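The values are calculated or read from the model by the stated rules, or taken from the named source; none is laboratory data. Since the structure is predicted, the reported quantities are computational estimates derived from the model, not experimental observations. Here the Cβ is made from the backbone with ideal geometry for all residues, glycine too, and neighbour counts use every protein chain on show.
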Amino acid sequence: MSYFDQHVHSYHSFDSSTPPEDNVHRALEIGLGGVTFTEHFDTHPDDWRSCTYKEEVYTAAIEDLRKRYGSQLFIGKGIEVCYQPERMDFILNYLAEHPFDLVILSIHYFRGQAVHGREHWEGITVEEGTRCYLENVLDAARFCERLHRQRGRVFDVLGHLDLAKRYTQRFFDRYNIDEHEDLIDEILQACLAADLVPEINTSTLRQNLHEPMPGQRTISRYAQLGGQAVPLGSDAHLPQSVGAGFDQAVSMLRKAGIRHTVLFRNRDRSVVPLSD
Ligand SMILES: [Zn+2]
Ligand SMILES: [Zn+2]
């Protein structure tokens, strides 16, 4: 499997204690073509205190890994930016000043609060909460669309498009994305207009869900609307999760008629054919 895992965390993120080198070892062990670290950059005032992102330390770690393993696989330096509408000026300035291979924009909030907080789901139904989450995703994609018109591509990848289902499954033992296909369509169209590619995030496959984020229906719809290639990401916080679930993700892509994944290197995007 010569795929690239382009969504991986290490102890440079607040919620992982994995040495980055362990992820590289795992990537080599399972034969990945490369691994791109995408450490959390969380600027919400509630999160900023615990955000452990340190640009210099992180960059030095990537450079060190490249020296030691760069001849064996690609090692990318990416960042996972949490969408916070009121913090975008700060975020855009930060991104303009620092080099990355890949920038993921992820939506972790709905109703002004973290979607992973059980208490934030009090008093609303799965349907209402999911819709509210997807409306935020649409808001983010439209923001990227406007940004793209003004200054070209700033964000490369839309992270875990339907993340709400991970939490409705965890908290209420069910999820329902297909009911919101009107919103999904709008999100996908905004992504295409913004030159923002949705990833296939396989972390839900390790969390009692039968499908990645997004699932088959959404990715097939993306292909119908003109989408041709997407990146794969395990969202690993532990080394054993690197590259996990990629076989299922690839068969989903094939079923949708998508024949390529994409690789981001120094913000350039190239297509990688699915292997036979
Ligand atoms: Zn995320
Ligand atoms: Zn992540």
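Here are some notes:
- Residue count, region 191-222 (criterion: of a type outside the set (D, E, K, R), surrounded by fewer than 19 Cβ atoms within 10 Å (Cβ to Cβ) and more than 16 Å from ligand 1 (Cβ to nearest atom)): 6
- For region 185-215, a tally of residues being of a type in the set (Gly, Ala, Ser), farther than 15 Å from TYR167 by Cβ and assigned to a helix (DSSP H, G or I) returns 3.
- Matching strands (runs of 3 or more DSSP E) fully within region 1-91 where at least 2 residues are within 14 Å of VAL242 (Cβ to Cβ) and of a type in the set (D, E, K, R): none
- Test: LEU274 is modelled with pLDDT under 95, away from ligand 1 (no atom under 16 Å from the Cβ), surrounded by 14 or more Cβ atoms within 10 Å (Cβ to Cβ) and closer than 18 Å to GLN6 by Cα: yes
- Apart from one condition, ALA249 fits all of (1) away from ligand 2 (no atom under 16 Å from the Cβ); (2) touching a helix residue (DSSP H, G or I) at 6+ places or on another chain (Cβ under 6 Å); the exception is (1).
- Check on GLY70, of a type in the set (Gly, Ala, Ser) and either under 22 Å from ASP22 (Cα atoms) or in contact with a His (Cβ under 6 Å, 6 or more places away or on another chain) (or both): yes
- Pairs are defined by a Cβ separation below 6 Å, a sequence spacing of at least 6 or placement on different chains, a first member in region 157-169 that is closer than 15 Å to CYS132 by Cβ and among the charged types (D, E, K, R), and a second member that is within 10 Å of ligand 1 (Cβ to nearest atom) and not in a loop (DSSP other than H, G, I, E, B); the pairs so defined are ASP162/MET213.
- Cβ pairs under 6 Å, 6+ apart, first in region 104-118 and within 14 Å of LEU134 (Cα to Cα), second polar (S, T, N, Q) and modelled with pLDDT of 95 or more: ILE107/ASN136; PHE110/ASN136
- Restricting ASP235, ASP173 to residues that are at positive phi, surrounded by fewer than 16 Cβ atoms within 10 Å (Cβ to Cβ) and not hydrophobic (A, V, I, L, M, F, W, C) narrows the list to ASP173.
- TYR83 being surrounded by 14 or more Cβ atoms within 10 Å (Cβ to Cβ), within 16 Å of ligand 1 (Cβ to nearest atom), more than 28 Å from THR218 (Cα to Cα) and among the aromatic types (Phe, Trp, Tyr): no
- Residue that is farthest from ligand 2 (Cβ to nearest atom) [pool: residues in region 150-174 that are part of a loop (DSSP other than H, G, I, E, B) and closer than 19 Å to TYR222 by Cβ]: ARG153
- Residue in region 243-258 that is among the aliphatic types (A, V, I, L, M) and surrounded by fewer than 16 Cβ atoms within 10 Å (Cβ to Cβ) present: no
- Pairing residues of region 66-79 that are touching a residue at least 12 places away in the same chain (Cβ under 8 Å) with residues that are assigned to a loop (DSSP other than H, G, I, E, B) and aromatic (Phe, Trp, Tyr), at Cβ distances under 7 Å and at least 6 apart in sequence or on separate chains, gives LYS77/PHE100; GLY78/PHE100; ILE79/PHE100.
Quick grid of which residues meet (1) at pLDDT below 95; (2) out of contact with any strand residue (DSSP E or B) (no Cβ under 6 Å at 6 or more places or on another chain); (3) of a type outside the set (Gly, Ala, Ser):
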position	(1), (2), (3)
LEU138	no, yes, yes
PHE143	no, yes, yes
HIS148	no, yes, yes
GLY152	yes, yes, no
LEU158	no, no, yes
ALA164	no, yes, no
TYR167	no, yes, yes
ASN176	yes, yes, yes
ASP182	no, yes, yes
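- Test for GLU128: is it without any contact (Cβ under 8 Å) to a residue 40 or more places away in the chain, farther than 14 Å from TYR83 by Cα and among the acidic types (Asp, Glu): yes
- Entry remark, region 107-128: residues being hydrophobic (A, V, I, L, M, F, W, C) and part of a loop (DSSP other than H, G, I, E, B) number 3 in total.
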